[in-house]
Amino acid sequence: MKEIHSIRSNDIAIKRAEKVMPGGVSSPVRAFRSVKGNPAFIVKAEGANIYDIEGREYIDYVMSFGPLILGHAHPSLTLQLIRQAIRGTSYGAPTLYEVELAERIIESHPATDWVRFVNSGTEAVMSAIRLARGITKRDRIVKFDGCYHGHADSLLVKAGSGLATFGIASSAGVPHQVAKDTSVLPLGDLEQFKQLMDEKGEEVAAVIIEGVPANMGLFPQEKRYMQELERISQENGSLFILDEVITGFRIGNGGASQYYELSPDLVTFGKVIGGGLPIGAYGGKKEYMGHIAPLGNVYQAGTLSGNPLAITAGIATLEAIEQEPNFYAKLQKQTNELVERIEEVFQKYSFPLQTKSIASLFWLALQTVPANKPSEIKRVAVESYSHLHFEMMKEGIYAPPSAYEVWFMSAAHTEDIRELTLQKLEQAVENYFARKKR
Ligand SMILES: *Cc1c(COP(=O)(O)O)cnc(C)c1O
C-alpha cells in the first residue's frame with residue numbers, strides 16, 4: 001500500500017474526502033456537522049487514546065460509539081485477532097466460534113434460546129422486525145420517540161408532537177407504504193401506549209424499544225414502564241423486541257433484560273458483542289426463532305454473517321470482562337465519580353449542566369432545566385455544546401460530535417486518564433467563556 005498518511009492536516013483531509021465521499025464520511029455524525037470545526041482523521045488508537053493525522057492525542061469518549069468497552073486495541077483481543085487472521089478471515093461455513101459466542105449470549109439472556117449472527121445492529125433489528133411480521137402476519141410496528149434502531153426503512157420514522165403520529169418518515173426515500181405502518185409514541189407515557197394498543201393492537205406485529213434510550217440524549221426508563229410495555233405487547237399477541245445493541249454486555253452481563261427483569265420475545269445485539277468489528281445478532285425464544293430459514297419461512301442470510309474475526313473479537317471481549325472481578329460495578333463507580341467531578345467543573349464556572357448516567361454511559365445536557373425526554377432537550381444546550389466541543393477537541397478530549405450523543409467509558413479510562421480529562425475539560429470551559437467574551 002502506498003503511504004496514505006502523507007497528508008497531515010485535517011482540513012486538507014476532509015477536502016480530499018469530500019471529493020469522493022458524501023460529506024467525506026462513511027456515517028453522518030462523523031462529519032461534525034452539528035459541532036464547530038472539521039472532523040479529526042484518525043491514524044491509530046490505543047487504550048483510551050485516539051490519535052489523528054496532525055499528530056494530536058485525544059482522550060476518547062466516543063469509543064467507536066459503543067463497542068469498545070475494553071478500550072482501543074486491547075492486547076489479548078488484538079493477539080487473538082491476529083491469530084485468527086492467519087487462519088483465514090471468512091469461510092462461508094459454520095465455525096465453533098459462533099457456537100461459543102451464541103452460548104455466551106444465551107447464558108446471560110435467559111429469555112433467549114437461539115441466536116442468529118448478522119453484520120450490524122441495523123441488520124439485526126431489520127431482521128427481527130421481519131421475523132415478528134412473519135410470525136404474527138401483522139404489519140404495524142410501534143416505536144418510541146427518539147429511539148434509534150438503525151436505519152432500516154420501517155424504523156426511520158419519528159413522532160410529531162402530542163399524540164401518536166403515524167407514518168412521518170425522518171428520511172427521504174422511505175416509502176409511504178412502509179412509514180404508514182410505523183407508529184411512534186412519546187417515551188415514558190404508558191397511557192398513550194395503552195390507548196394505541198386498544199385501538200390498533202390487532203395490527204401490531206412488534207413493539208420495539210431501546211434497552212435504555214441512548215441515541216438522542218440518555219433516558220433510562222422506569223422498571224414498571226418497561227415491564228408494562230412487555231406485558232401489554234405479549235398479552236396483545238405482539239412481539240416485544242428489546243433493542244440491546246448498546247445495552248447488551250454494556251450495562252451489565254445481562255444487559256437491560258436483566259436490569260429491568262424483562263423476558264423479551266426477541267432481543268437485538270451489536271456493538272460490544274463484536275468488540276470493535278462489524279457485527280449484529282438477534283435472538284429469542286425457540287418458538288419464534290424457529291421461523292427463520294432454514295427451519296422456517298422467514299428468509300434472512302449473509303455472506304459475512306458470523307465472520308470469524310468479528311466473532312473472535314466478541315469472544316475476546318466477553319472473556320476479558322469475565323476475567324476482571326466486578327468489571328461492571330467498577331466501571332459504573334468510575335463513571336459516576338467522573339460525572340460528579342464534571343458537574344463540579346461546570347458549577348465552578350456557573351455553566352448550566354444536567355447529567356444522566358447509567359453503568360458506563362453518561363450524557364451532558366448544557367441547560368438549566370432537567371431533560372427527561374428527547375423533546376425537552378433545549379436549543380441552547382445544542383448550541384452551547386457545539387462551541388464547547390470545539391474547545392474540548394483543541395484541549396484533547398474527543399467528545400461525541402453531537403449534543404444528543406452519549407459518552408462512553410471503557411476499562412481503559414484509568415484514574416490518571418480521568419484526572420487528565422478533568423484538567424483538560426476545565427481548560428476547555430475556561431477557553432469557552434474567554435472566547436464568548438471576545
Ligand atoms: C447503534 C444502534 C443500532 C444500529 O447498529 P449499527 O451497527 O450502527 O447498524 C441499532 N440500535 C441501537 C439501540 C443502536 O444504538
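The values are calculated or read from the model by the stated rules, or taken from the named source; none is laboratory data. All values reported here derive from a predicted model rather than from experimental measurement. Positions of Cβ are generated from backbone atoms using ideal geometry, with glycine treated the same way; all protein chains shown enter the neighbour counts.
Tally the residues that are modelled with pLDDT of 95 or more, under 14 Å from Met392 (Cβ atoms) and over 29 Å from the mean Cα position of the chain (by Cα), restricting the search to the stretch 428-438.
3
Quick check on my filter: what residues within the stretch 65-82 are within 16 Å of the ligand (Cβ to nearest atom) and surrounded by fewer than 16 Cβ atoms within 10 Å (Cβ to Cβ)?
none
Residues checked against (1) hydrophobic (A, V, I, L, M, F, W, C); (2) in a loop (DSSP other than H, G, I, E, B); (3) in the same structural domain as Asn297 (by TED's automatic domain parsing):
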site	(1), (2), (3)
Ile82	yes, no, yes
Gly92	no, yes, yes
Val115	yes, no, yes
Glu123	no, no, yes
Met126	yes, no, yes
Arg133	no, no, yes
Val142	yes, no, yes
Cys147	yes, yes, yes
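Tell me yes or no: at least one residue of the stretch 254-263 is more than 24 Å from Tyr328 (Cβ to Cβ) and more than 13 Å from the ligand (Cβ to nearest atom).
Within the stretch 254-263, not a single residue is more than 24 Å from Tyr328 (Cβ to Cβ) and more than 13 Å from the ligand (Cβ to nearest atom).
Hey, Tyr51 hits all of (1) in contact with a Ser or Thr (Cβ under 8 Å, 6 or more places away or on another chain); (2) over 30 Å from Val380 (Cβ atoms); (3) not aliphatic (A, V, I, L, M) but one; which does it fall short on?
Failing condition for Tyr51: (1).
If you take just the strands (runs of 3 or more DSSP E) that sit entirely in the stretch 25-75, which of them hold at least 2 residues that are of a type outside the set (A, V, I, L, M, F, W, C), touching a Leu at 6+ places or on another chain (Cβ under 9 Å) and over 21 Å from Ala310 (Cβ atoms)?
The strands (runs of 3 or more DSSP E) meeting that bar number zero.
Does the stretch 179-204 hold any residues that are farther than 17 Å from Tyr148 by Cβ and touching an Asp or Glu at 6+ places or on another chain (Cβ under 6 Å), and which are they?
Asp181, Leu190
When you check Leu338 against the structure, is it touching a Phe, Trp or Tyr at 6+ places or on another chain (Cβ under 9 Å), farther than 18 Å from Pro220 by Cβ and touching a residue at least 24 places away in the same chain (Cβ under 8 Å), yes or no?
Here the answer is no, as Leu338 does not meet what is asked.
Tell me, which residue of the stretch 32-57 that is in contact (Cβ under 8 Å) with a residue 40 or more places away in the chain and aliphatic (A, V, I, L, M) is surrounded by the most Cβ atoms within 10 Å (Cβ to Cβ)?
Only one residue tops the list, namely Ala48.
Quick check, is Ala124 out of contact with any helix residue (DSSP H, G or I) (no Cβ under 8 Å at 6 or more places or on another chain) and buried (at least 23 other Cβ atoms within 10 Å of the Cβ)?
yes
Would you say Gly55 is of a type outside the set (Val, Ile, Thr) and in the same structural domain as Ser360 (by TED's automatic domain parsing)?
yes
May I ask you to say which residue of Val115, Val125 is touching a Ser or Thr at 6+ places or on another chain (Cβ under 6 Å) and not small (Gly, Ala, Ser)?
Testing whether each residue is touching a Ser or Thr at 6+ places or on another chain (Cβ under 6 Å) and not small (Gly, Ala, Ser) leaves just Val125.
State all residues of the stretch 273-307 that are touching an Asp or Glu at 6+ places or on another chain (Cβ under 8 Å) and assigned to a loop (DSSP other than H, G, I, E, B); if no residue qualifies, say none.
Correct list: Lys285, Gly302, Gly306.
Within the set of pairs 6 or more residues apart or between chains, which connect a residue that is surrounded by fewer than 14 Cβ atoms within 10 Å (Cβ to Cβ) inside the stretch 294-307 to a residue that is in a loop (DSSP other than H, G, I, E, B) and not hydrophobic (A, V, I, L, M, F, W, C) with Cβ atoms less than 7 Å apart?
That search, which allows pairs on different chains as well, returns Asn297/His291; Thr303/Gly92.
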